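S.K.: The structure follows.
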Amino acid sequence: MAMTEDLEQAFNDQITLEFSSEFAYLQMAAYFEQRDLSGFAEWMRLQAAEEHTHGMKFFDFLLNRGNTVTLGALDAPKSGFGSVVEVFEASLAQEKRVTASIHDLYARCSAASEYQALPLLHWFIDEQVEEESSVSKIVEQVRMAGSDGAALLFLDRELGERGPTE
Ligand SMILES: [Fe+2]
Ligand SMILES: [Fe+2]
C-alpha cells in the first residue's frame, strides 16, 4: 500500500536533500582540485557519489511502495570557500542537517504506523552516525594542521586513500 501524500512529499524532499548534498560535495571537490589538494578532492568526489546512492535508495523505496517520485529543484551549493577548514565545517553542517531530516522522517513514519519505512530509515540513522563521526574527525585534524602546509599535505594524502565503499 502506498504511503500518504504528506509522507510521500517528505520522502521526495529527502531525495532532493540527498542530491543537494551531492551538489555541495561536488562543489567542494572542485575547490580542492583547483588548489592541487587532490586527496581532499577525491574524498569529496566519493562523498558526492555516496550521496547520489542515498538519493536513489529513497527514489527506489518510493517506487517500490507504489508512491510517486517528484524531484524538487536543487539550489546552487555554497561556493567561494575561504579555507580548507571552512569546507569541512560546511560539510559537517550539511551532514547535521541531513541527520535532523532523517530523524524527523523516522518520527513521522513511527507516528503514522508506517512500519515498512522504518528499516530503511534505521539504515540511514546508522549511516549518519558514521558520516558525522568521520567528518568531525577531519574537521579536528585540519584545524590542528592550521596553516602548516606539510601537515595539510599529509592529511590530503591520507584522505585520498579512502576506498570507494567506505
Ligand atoms: Fe546522505
Ligand atoms: Fe552524507
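The values are calculated or read from the model by the stated rules, or taken from the named source; none is laboratory data. Since the model is a prediction, treat every value here as computed from it, not as a measurement. Cβ: placed from backbone, ideal geometry, glycine included. Neighbour counts: every protein chain shown. Protein only, heavy atoms only, side chains kept; ligands, DNA and RNA dropped before computing areas. Shrake-Rupley method; radii C 1.70, N 1.55, O 1.52, S 1.80 Å.
S.K.: How many Å² of accessible area per residue for the chain, probe 1.4 Å?
M.R.: In whole numbers, the chain has 53 Å² accessible per residue.
S.K.: Take ALA151 and ALA30, extend 7 Å from each Cα along the Cα→Cβ direction, and tell me the distance between the two endpoints in nm.
M.R.: 3.1 nm
S.K.: With an 8 Å Cα cut-off and a minimum separation of 6 or more residues, compute the relative contact order for the chain in percent.
M.R.: Working: 165 pairs, mean separation 49.4, N = 166.
Reported as a whole number, the value is 30 percent.
S.K.: Counting helices only, and only those DSSP H runs with n ≥ 4, report the 222 nm mean residue ellipticity of the chain as the sum of -39,500 (n - 2.57) divided by its residues, in deg cm²/dmol to the nearest 500.
M.R.: Details: 5 runs with 125 residues, N = 166.
Calculated at 222 nm, the ellipticity per residue is -26500 deg cm²/dmol.
S.K.: Can you give the charge dipole size of the chain about its Cα centre, rounded to the nearest 20 debye, using +1 on the beta carbon of Lys and Arg and -1 on the beta carbon of Asp and Glu? Let's see the in-between values first.
M.R.: Details: 12 positive and 29 negative charges, 22 e Å.
In total the dipole reaches around 100 debye.
S.K.: Among GLY39, VAL69, ILE15, whose Cα sits farthest toward the positive end of the charge dipole of the stretch 5-73 (+1 at Cβ of Lys/Arg, -1 at Cβ of Asp/Glu, about the Cα centre)?
M.R.: Comparing the listed Cα positions along the dipole, GLY39 ranks first.
S.K.: May I pose another question? What is the list of residues in the stretch 1-39 whose amide nitrogen lies under 15 Å from a point 7 angstrom out from the Cα of ARG97, following Cα to Cβ?
M.R.: Only 13-28 pass the distance filter.
S.K.: As a test of reading the structure, rank MET56, MET3 by solvent-accessible area (1.4 Å probe, protein chains only), most first.
M.R.: MET56, MET3
S.K.: How far, in nm, would the chain grow between TRP123 and ALA73 when pulled straight, counting 0.36 nm per residue and subtracting the alpha carbon separation?
M.R.: Difference between extended and current length: 15.4 nm.
S.K.: Please arrange TRP43, TRP123 by accessible surface area, largest first, computed with a 1.4 Å probe and ligands excluded.
M.R.: Result, largest first: TRP123, TRP43.
S.K.: Within the accessible area of the chain, what % is carbon and sulfur when the probe is 1.4 Å and the other protein chains stay in place? Working shown, then result.
M.R.: Working: 4700 of 8750 Å².
Heavy-atom surface of the chain belonging to carbon and sulfur, 1.4 Å probe: 54 percent.
S.K.: Quick one: which residues, 5+ away or cross-chain, put their amide H under 5 Å from the amide H of GLY72? H built at 1.01 Å from N.
M.R.: THR16
S.K.: Below 8 Å between Cα atoms, with a sequence gap of 6+, how large is the relative contact order for the stretch 12-61 in percent?
M.R.: Rounded, it is 51 percent for the stretch 12-61.
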